[in-house]
Amino acid sequence: MSYVVVMWVVWGMLTTILLGLLMYRGHVSRNEEDLLFLSDSSEMEHREQDEIQIKIKKIEPVIRVFGGVTGLITAVIVVFYVYDAIRHF
């Protein structure tokens, strides 16, 4: 198997994982609201919002890593094809 196929397979897997993580973050943050709690009467809602924020903060660094790696591999693939086109020109 050539390295071009391997690059595309790795890119596809990383992109799929990234899209899955983005969908998960969207699902978790769907119930997040921008609220300012002025009293302790809504302690349950406050706790729910805190739990949502904790989940989002946990997943955010992973999304950044996968996004960066996917972008880097995309740039490598583009450079490879541009170099190949210039070489055969």
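The values are calculated or read from the model by the stated rules, or taken from the named source; none is laboratory data. As the structure is a computational prediction, the values presented were derived from the model and not from experiment. Neighbour counts are summed over all protein chains in view; Cβ atoms, including those assigned to glycine, are modelled from backbone coordinates with ideal geometry.
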For region 60-79, state whether one or more residues are of a type in the set (D, E, K, R) and at pLDDT below 85. no
Taking region 66-89 and keeping only residues that are of a type in the set (Ser, Thr, Tyr) and surrounded by 13 or more Cβ atoms within 10 Å (Cβ to Cβ), one is left with THR70, THR74
Can we say HIS46 is modelled with pLDDT under 85 and either assigned to a helix (DSSP H, G or I) or not small (Gly, Ala, Ser) (or both)? yes
Any idea how many residues of region 49-65 are surrounded by 15 or more Cβ atoms within 10 Å (Cβ to Cβ) and in contact (Cβ under 8 Å) with a residue 40 or more places away in the chain? 1
Going through region 11-33 in order, the residues found to be surrounded by 13 or more Cβ atoms within 10 Å (Cβ to Cβ), of a type in the set (Val, Ile, Thr) and at pLDDT 95 or above are THR15, ILE17
